[in-house]
Amino acid sequence: MTIEVDKEIKLTQLEQSDAKDIFETIDSQREYLGRWLPFVALTREISDSKQFVDSVVNAPEGRAEYVFAIKKNNQFVGLIGFKDTDRLNRKTEIGYWLSEKFQKHGIVTKSVNKLSIFAFEKMGINRIQIKCAVGNKLSSNIPKRLGFKLEGVERQGELLTGGVYTDLEVYSKLKSEQ
């Protein structure tokens, strides 16, 4: 499945062939991406990225999540997708990361907007949340721009590299607010 964000940006459902691009992006930007993303330290070899992609592509029915490669002019620039979807209560979380050189161009903001529309209109989701580490302004500006409401702070909500916990800002948007 492909979701067209605009003329240059497309979200393509994750495939095995994306593992190489994922690994190379992480491997070339360890310090930058690793500041906020704990999985960076755990991604040591291409086999780690292949294992991640395999877990997404071959997830058991009922646990499968939509995860997409973000591509600008057919070049891999990052990942975006749903996690911890609760189908019974019709809620989900959107997570994302982007290659450093593609930051500050509105790519993730536009992608989150399209993915939110997809969740509300195609998946029947009622509530979407986004969690951002306190201090990660580039990430937290995205839900703010899109009208998500800050619900509060999840104290020590994520364990970062080096055994340091970080607080997470929790933003949400309801279907009735789109």
- Task: Compute the length gained on full extension between L88 and K122: take 0.36 nm times their separation in residues and subtract their Cα-Cα distance, giving the result in nm to one decimal.
- Result: 10.7 nm
- According to a simple spin-label model (label point 7 Å from Cα along Cα-to-Cβ), what is the distance in nm between L174 and L42? 3.4 nm
- Message: Within the stretch 96-137, list the residues whose amide N lies under 11 Å from a label point set 7 Å along Cα→Cβ of E158.
- Response: 96-98, 130-137
- Query: Using only helices, what value at 222 nm comes out for the chain when you add -39,500 (n - 2.57) per DSSP H run of length 4 or more and divide by the total residues, to the nearest 500 deg cm²/dmol?
  - Reply: -9000 deg cm²/dmol
- Express in nm, to one decimal, how much length is gained between Q103 and E151 on full extension, taking 0.36 nm for each residue of separation and deducting their alpha carbon distance. 14.7 nm
- What ranking, highest mean first, results for peptides 27-39, 106-118, 147-159 when packing means the other Cβ atoms within 10 Å averaged over each residue? 106-118, 27-39, 147-159
- In vacuo Debye sum over C-alpha of the chain, base-10 log of normalised intensity I(q)/I(0) at q = 0.08, 0.14 Å⁻¹, listed in q order, is -0.23, -0.76
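We did not get these values from a lab; they are worked out from the coordinates using the rules stated. Only a predicted model underlies this, so the values are computations on that prediction, with no experimental measurement involved. Neighbour counts are summed over all protein chains in view; Cβ atoms, including those assigned to glycine, are modelled from backbone coordinates with ideal geometry.
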